[in-house]
1. To the nearest 20 debye, what charge dipole does the stretch B:23-122 have about its Cα centre, counting +1 at the Cβ of each Lys and Arg and -1 at the Cβ of each Asp and Glu?
2. Along the stretch A:185-198, what does the Karplus equation 6.51 cos²θ - 1.76 cosθ + 1.60 (θ = phi - 60°) give for ³J(HN,Hα), rounded to whole Hz, x for Gly and Pro?
3. Please state the Cα pair-distance histogram of the stretch B:23-122 with 10 angstrom bins from zero: what percent is in each bin?
4. Cα atoms only: what Rg and Dmax, in Å, come out for the stretch A:74-119?
5. Out of the chymotrypsin sites (Phe, Trp or Tyr not before Pro) in the stretch B:63-130, which ones are loop residues according to DSSP with at most 14 other C-beta atoms within 10 Å?
6. Using a Cα distance threshold of under 22 Å, what count of lysine pairs results for the stretch B:23-122 when pairs must be 8 or more residues apart or interchain?
7. If I model a spin label as a point 7 Å beyond the Cα along the Cα-Cβ vector, how far apart are those points for A:Q86 and A:A170 in nm?
8. Go through the stretch A:110-120 residue by residue and turn each phi into a ³J(HN,Hα) via Karplus (6.51, -1.76, 1.60, θ = phi - 60°); whole Hz please, and just put x for glycine and proline.
Amino acid sequence: MSIPPQTVPATLLVPPVRRSFLSGFGKFTLSATAIALLAGQERLALVGSAEAKTPNNDVAILNAALGAEQEAIAAYQVGATSGLLQKPVLDLAVQFQGHHKEHAAALAATVKKLGGTPVEARKTYTFPVEKLKTQADVLAFAAELEKGAVSAYLGAVPILDDRNLAKVAASILGDEAMHWAVLRNALGQNPVPTAFLS
Amino acid sequence: MKHLAALAATAATLTVGAGICQAANGDPVHGAQIYQRCLACHSLEHNRSGPRHCGLFGRPAASLPDFNYSRAMKATGLTWDEATLDQFLENPLKAMPGTKMAYAGVKNPQERADLIAYLKKATLDPEICK
C-alpha cells in the first residue's frame, strides 16, 4: 500500500525562540556544581569550575524531569491518603514519595544554579482516582508512573550536554527503576521482567 | 521576521512520504507498549506535564486551551498527523528547538510507526476519550 507523499516542515519550528533563550544565558561554570547539587552535596556545589556547553538545553531537560517528579509526589500523596494502602505498603509509598521529593529539590536547585527558573508544581493534578478502588489499583498506577519515569530519564540522559548531569540523571533513573521493581513485586508480578529498559 | 517566514516556508516544502508509509504499517499492539515510555508525562485523557493525547490527529499544535505550551510549540503552526508526529518523535528537541518535551526521541522508525498506529486508534477510543 502506498500513500502519496505530503509536505511537512524539515524543522517543526523556526529556531529563533531557542536563540533568544540562549542569549540570556551566556556561559556558565557549573558542570561540577550541578553534579554536586544533584548529589546533595551543597558544600561541594559551591566550588565547581568545569564549563557547561549549553546550559539552556540542560535547564529544559532538568525542568521537564522536575515537572514529572512534582507530579509523582502528588500521585503518591493521592495514594497515601486514599485509605487503600495498608502497612507496610503505605510506608513504602511514603518512602518512595520522599525519594521523589529529594529528586525534585535537587533538580530545582540545579536549574537555579544553571541560571534557569524551576518549573513550579501545578496547583492541581488530574489522576484516574475513579479507577483506584483497591490497594492493587494504587500500586499498579504507581508502577505505571515509575516505569514512565524510567523511560523519561532514559530519554534525558543521552541529550544532557553536561555528562556529569547525565550521570546523576542515570542515578535517579536507577532509583525509579528500583521503585518500579518493588511495586511490581508487591503486585505479585515479575519484578524485573526484561533485561533491558526502554 | 521575513527571514523567519522564509525559513518556515522553505521547511514546509520538504517531502517525507516514507515516514507516512511506515506509520501506515505500524503495529498498534506493539505501539501500546512503546506508549508506556510516554507515561511519565502524558496520558490519553488528562493533561499532565505534557498535553493529553485524545483527539491528537488533526489537532493544530498548541491548541488545547487548558495546557501551557512552550513558545516553540505555539509558534510552529503545524497540525499533528502521521508525518509531523513521525518527524517530531524521532528527535523532539531537534525538530522543534525550544519544546518542553526534553526527550531523546524514538529513534527506531518501526517503533515510531507502531507508536503512531497505536495513537491513531487510542486517541479516538470513545471509552477513554469521552
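1. Using Cβ point charges on Lys, Arg, Asp and Glu, the stretch B:23-122 gives about 340 debye.
2. Working through the residues one at a time gives 4, 5, 7, x, 9, 4, x, 10, x, 9, 7, 10, 10, 9 Hz.
3. Using 10 Å bins, I get a P(r) of 16, 54, 29, 1 for the stretch B:23-122.
4. Final numbers for Rg and Dmax: 14.0, 43 Å.
5. Answer in residue order: B:F67.
6. Working: B:K74/B:K94; B:K74/B:K100; B:K94/B:K107; B:K107/B:K120; B:K107/B:K121.
Count of close lysine pairs: 5.
7. So the label points at A:Q86 and A:A170 sit 4.1 nm apart.
8. So the Karplus estimates, Gly and Pro as x, are 5, 4, 4, 5, 7, x, x, 10, x, 5, 8 Hz.
We did not get these values from a lab; they are worked out from the coordinates using the rules stated. These figures come from a predicted structure and were not determined experimentally. Positions of Cβ are generated from backbone atoms using ideal geometry, with glycine treated the same way; all protein chains shown enter the neighbour counts.
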